[in-house]
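The values are calculated or read from the model by the stated rules, or taken from the named source; none is laboratory data. Everything numeric here is computed off the predicted structure, so don't read it as measured data. Ideal geometry is used to build each Cβ from the backbone, glycine not excepted, and the neighbour counts take in all protein chains shown. Surface areas here come from the heavy atoms of the whole protein model, side chains and all, with no ligands, DNA or RNA. Shrake-Rupley method; radii C 1.70, N 1.55, O 1.52, S 1.80 Å.
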Amino acid sequence: SVVKTPTSNPAAWLLEILTSPTHKASQVDDSEIDLDAFGALYTYCETNSLAVDMVLNEGDTKESILSIISELCFSLLYRNIYGEISIAIDETKANAIALFNTQNVISFSNTKSLARRVDGLKVSYTSRDAGYNQSSYLIMRPGVTRTADSIIQDINVSGIVEYEHIVKFARRL
């Protein structure tokens, strides 16, 4: 809308970045956006308590920022059949977004690592509850308990400040 109000909803952030006049060359008009899909994402984020709070002070690309925010709310930007920018939410759908078969997949490759899998993830984030200081959440693979020999992968996440959201994010990883 024309009237701006503070929000932490990722859908609103994505729309603001897409339509921002800060960089006129990459500004997207509302007519080029599937607003219903973004409305569905807004509701999904509200229902699942997904929020993004970050400061953008580095010269990162618009595409990179959109990708980061989309990942934080378990979604993906794409162009729909009408050429509009739409968003796919990682949730059960009644209809398929894409169908891969022998007619539309030209090549396929698969790699497998024989290295030992990580036992757990340590996700570091800026916590609102800790006064916006660095905090972390450790999640172990199902059925694995932490020992001195455990392999723990460190991941830093920006944009998530709520404990409940980082738990959902870490479990999804």
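As a size descriptor, the averaged projected area of the C-alpha convex hull of segment 78-173 was calculated at 10.5 nm². By accessible area, using a 1.4 Å probe on protein heavy atoms only, segment 9-151 has 52% of its surface on carbon and sulfur. Contact order, relative form, for the chain: 20 percent (alpha carbon pairs under 8 Å, 6 or more residues apart, mean separation divided by residue count).
Projecting the Cα atoms of Ala170, Ile85, Cys73 onto the dipole axis of segment 62-173, where Lys and Arg carry +1 and Asp and Glu carry -1 at the beta carbon, places Ala170 farthest toward the positive end.
May I ask for the longest run of the chain untouched by GluC sites (Glu not before Pro) that are loop-located per DSSP and have at most 13 neighbouring C-beta atoms (other than their own) within 10 Å?
92-173
Here's the picture: a label point sits 7 Å out from the Cα of Asp29 along the beta-carbon direction, and within segment 53-80 the residues with their amide nitrogen under 18 Å of it are 80. Sites listed here are chymotrypsin sites (Phe, Trp or Tyr not before Pro) in segment 1-95 whose DSSP assignment is loop and whose Cβ has at most 11 other Cβ atoms within 10 Å: Tyr82. In this rough spin-label picture, where each label sits 7 Å from Cα along the Cβ direction, the Asp90-Val167 distance is 1.8 nm. Placing R0 at 35 angstrom, the Cβ-Cβ distance between Ser150 and Thr111 gives a FRET efficiency of 0.90 after rounding to 0.05. For segment 69-135, the relative contact order is 14 percent, taking Cα pairs closer than 8 Å that sit 6 or more residues apart in sequence and dividing their mean separation by the residue count.
Would you list the P(r) distribution for the chain, with all Cα-Cα distances sorted into 10 Å bins from 0 and each bin expressed as a whole %? Bin by bin from 0 Å, the calculated values are 8, 30, 32, 23, 7, 1. For the residue pairs Lys62/Lys122; Lys62/Lys168; Lys112/Lys168; Lys122/Lys168, the C-alpha atoms sit more than 22 angstrom apart in Lys62/Lys122; Lys62/Lys168; Lys112/Lys168.
Roughly how tilted is helix 62-72, in degrees to the nearest 10 and between 0 and 90, from the longest Cα axis of the chain? Approximately 50 degrees, to the nearest ten. Just so you know, the Rg over Rh for segment 1-100 is 0.95, from Cα atoms, with Rh as the Kirkwood radius.
Of Gln27, Gln153, Gln103, the residue with the greatest mean-square motion in the GNM of the chain, using alpha carbon springs below 10 Å, is Gln103. Model label sites at Arg141 and Val3, defined 7 Å from Cα along the beta-carbon direction, differ in position by 5.3 nm. When DSSP beta bridges are restricted to pairs lying wholly in the chain, around 70% turn out antiparallel. Considering only alpha-carbon pairs that sit under 8 angstrom and 6 or more positions apart, the relative contact order computed for segment 101-164 is 39 percent. Shape summary of segment 45-107, radius of gyration then Dmax from alpha carbon positions: 15.1, 45 Å.
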